[in-house]
Every structure is written in structure tokens, then in C-alpha cells.
């Protein structure tokens, strides 16, 4: 623990002797290495390290107290290897879902693109069915309509998963950002929800037209 970590832990333990301090180091988790504490020391290779350690001060009344590491057990996983693998994947997902700059603008561009692409799928389907009608190939319409409907629903399902991930990962924004960014993103995502809410009706209209 750093001096700041020790001070923070001291304030906790003075009020609760059972308090602990969890210190997370993303380098340990992502790269599975422990960087040297002093110049010239070797880099230590780790294996299945969760990226954190838990500590408790030896004397909660001493600002300069030494500390010791606390043993812990993580439940809900088959092994530490599974925990580390899933956590590393989670970090990648969160990083990819959060652009570095102007989060609302990036998500608005994404939602607008998905809406435009969905509209293009409907337009392309209608134009193709119209062409079949003009060619006198109406007997192909049910088969084509079924295939295109499946493609449209698949597209919506794929977008739904991405939208749900965005909603979930919003919870991992820094607290100071939530009050500003979350309302903007929720408003943007609502545009997609509005479009999808009328999907079945839109497909029925298309089907009746042909």
C-alpha cells in the first residue's frame, strides 16, 4: 500500500476494526506481471492473479502503522483462471464501449447509423418485392419476404445486445460523470427503443402490401 492508501485505511479502521483496504492494480490483472518496486529489480511473472490485494493495518491508532495482507476467497467461479479470463474480457468490453471523448456523440452516431441501416433494410426489401411483382414472379414473394424478415429481426437482435451492453456499462462510469452523461445517453438509446417498438407493425404493413 502507498502512504495515501495507508492513511485512507486508517480512517476506516479507526471506525471499524474489521475494515479492510482493497488495492487494485490493473497492470497485474491485464499483463499478469508485478512491476519492480525498486530500480534494478526483476519483473515478476504472475499467473491467474485477480489484480488486487487486501490489507489491514496492524495498529489503527498509528498513522505510520505497518500492515499485513488479508487472505480472501472469491466464490462463484470454477477457478481463478476462469475469473481472470472473464475479468480481462470484461475490461476489454468496457474499454471498447466507452470512447475516449464525447461519449454521447459517439453513441448517437451509432444509434443513428443503426436506425438508418434498419430503414435501408426495409426499403431494400420493399424495392426487391416490387421488382418481383413487376417481373411476374409473385410466387417468390413469400419466400423472399420470410428470408428478409429473418434478416431484419437478426439485425435488430444484434443491435439490442449492443444497446443492452451500453446500458449496463453506463453503471461503470465515474460517479461525477453519471449525472451528466447518463441522461444524454438514455435519451439517445430511447430513439432506438421507439423504432423497435413498431417493428412488428412495420413488418405486417410490408407483408400486406405484397
Total residues in the range 168-210, condition at pLDDT below 90 and surrounded by 13 or more Cβ atoms within 10 Å (Cβ to Cβ)
7
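Could you please let me know if residue 39 is over 17 Å from residue 2 (Cβ atoms), more than 30 Å from the chain's Cα centre (by Cα) and free of Cβ contacts under 8 Å to residues at least 24 places away in the same chain? Lay out the reasoning, then the answer.
Values: over 17 Å from residue 2 (Cβ atoms): yes; more than 30 Å from the chain's Cα centre (by Cα): yes; free of Cβ contacts under 8 Å to residues at least 24 places away in the same chain: yes.
It is true that residue 39 is over 17 Å from residue 2 (Cβ atoms), more than 30 Å from the chain's Cα centre (by Cα) and free of Cβ contacts under 8 Å to residues at least 24 places away in the same chain.
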Residue satisfying condition, being within 32 Å of the chain's Cα centre (by Cα), surrounded by fewer than 12 Cβ atoms within 10 Å (Cβ to Cβ) and either in the same structural domain as residue 180 (by TED's automatic domain parsing) or closer than 30 Å to residue 193 by Cβ (or both), within set 93, 101:
101
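Taking the stated definitions as given, is residue 143 loosely packed, with under 12 Cβ neighbours inside 10 Å, in the same structural domain as residue 204 (by TED's automatic domain parsing), in a helix (DSSP H, G or I) and without any contact (Cβ under 8 Å) to a residue 12 or more places away in the chain? Outline the logic, then answer.
Working: loosely packed, with under 12 Cβ neighbours inside 10 Å: yes; in the same structural domain as residue 204 (by TED's automatic domain parsing): yes; in a helix (DSSP H, G or I): yes; without any contact (Cβ under 8 Å) to a residue 12 or more places away in the chain: yes.
Judged against the criteria, residue 143 is a match.
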Within the bounds of the range 75-86, is there any residue that is over 21 Å from the mean Cα position of the chain (by Cα), surrounded by 13 or more Cβ atoms within 10 Å (Cβ to Cβ) and closer than 27 Å to residue 169 by Cα?
yes
Per the filter on the range 168-210, residues within 23 Å of the chain's Cα centre (by Cα), assigned to a helix (DSSP H, G or I) and more than 18 Å from residue 114 (Cβ to Cβ) are 171, 172, 175, 176, 177, 178, 179, 180, 181, 182, 183
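So which residues in the range 7-26 are closer than 30 Å to residue 81 by Cα and in contact (Cβ under 8 Å) with a residue 24 or more places away in the chain, if there are any at all? So that I can check it myself, show each step before the final result.
We begin by selecting, within the range 7-26, every residue closer than 30 Å to residue 81 by Cα; these are 9, 18-26.
The answer is 9, 19, 20, 21, 22, 23, 24, 25, 26.
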Checking the structure you have, find out if any residue of the range 131-140 is under 19 Å from the mean Cα position of the chain (by Cα) and exposed (fewer than 13 other Cβ atoms within 10 Å of the Cβ).
no
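Scan the helices (runs of 4 or more DSSP H) fully inside the range 1-116 and keep the ones with 2 or more residues being under 30 Å from residue 183 (Cα atoms).
Working: elements: 3-15, 26-31, 80-97.
Qualifying helices (runs of 4 or more DSSP H): 80-97.
The values are calculated or read from the model by the stated rules, or taken from the named source; none is laboratory data. Predicted, not measured: the structure shown is a model, and the values here were computed from it. No Cβ is skipped: glycine too gets one built from the backbone with ideal geometry, and neighbour counts run over all protein chains shown.
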